1. Could you run through the stretch 6-33 and say how many residues are of a type outside the set (A, V, I, L, M, F, W, C), farther than 16 Å from Trp73 by Cα and under 23 Å from the mean Cα position of the chain (by Cα)?
2. For the stretch 147-171, enumerate the residues that are acidic (Asp, Glu) and under 18 Å from Arg44 (Cβ atoms).
3. Hey, does the stretch 157-167 have a residue that's in contact (Cβ under 8 Å) with a residue 60 or more places away in the chain, within 21 Å of Gly93 (Cα to Cα) and loosely packed, with under 14 Cβ neighbours inside 10 Å?
4. Please enumerate the residues belonging to the stretch 140-151 that are surrounded by fewer than 20 Cβ atoms within 10 Å (Cβ to Cβ) and touching a helix residue (DSSP H, G or I) at 6+ places or on another chain (Cβ under 7 Å).
5. What tally of residues in the stretch 155-188 results from selecting those that are assigned to a loop (DSSP other than H, G, I, E, B) and at pLDDT 85 or above?
6. Val88 - would you say it is closer than 30 Å to Tyr18 by Cα, modelled with pLDDT of 50 or more and in contact with a Lys or Arg (Cβ under 6 Å, 6 or more places away or on another chain)?
Amino acid sequence: MPSTEPAPRDDGELVGDYVRERTEAAFRELYRRHTPRLYPVALRLTAWDAHEAEEILQETWIRAAAKLAEFRWLSSLPTWLRAVLVNVARERGRDRRRRPTLVALDEPPDEPWTVYYDATDVGAIDLERALAELPDGFRRVVVLHDVEGLTHAEIGRLLGIEEGTSKSQLSKARRRLRERLAPPTGDPRR
């Protein structure tokens, strides 16, 4: 018996419907389809600050909705959305550095990575903590290269840096991660 459900629509059809008719259903489907892949990127770029990641994700979709009519399909939609997300994260990071931040010292720090990983998986928790402690530029390159699989040329275009800078930052970031994750050694004086 043939299925009565319609075949899933591809991104091009959904974008076309949204651009032509501003259909909420098309936008909702794009959001549902791509947000699960964007949110972990936002989390890693914000050093696991769930609130900031959600803000970045929301701003990403606001900008994407406004610019979908200009999208020319020179890359895939997920790649374009990721670029929008990275740009939003960079801009918010610059703005955050300009604003003073107040830290309540009488409260324990939030550790959102424990929500996303099994508490028995100490290695994953340590890696996420070490990644969160990297400077923003290093963390962006590691996430985009090692997690998202972008090339140095793509990272350079996306972040507005030279390909060599991407390679250098990745090398330095990996070195810091190795140092942070290295097992403790005995007394160096022995």
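The values are calculated or read from the model by the stated rules, or taken from the named source; none is laboratory data. In this text the structure is predicted, and so the values were computed from the model without any measurement. Quick reminder, even Gly has a Cβ in these numbers, built from the backbone with ideal geometry, and neighbours come from all protein chains shown.
1. Total meeting the criteria: 5.
2. If we filter the stretch 147-171 for residues that are acidic (Asp, Glu), which is where we start, we get 148, 154, 162-163.
Selection gives Glu148, Glu154.
3. no
4. Val147, Glu148
5. Within the stretch 155-188, residues that are assigned to a loop (DSSP other than H, G, I, E, B) and at pLDDT 85 or above number 3.
6. no
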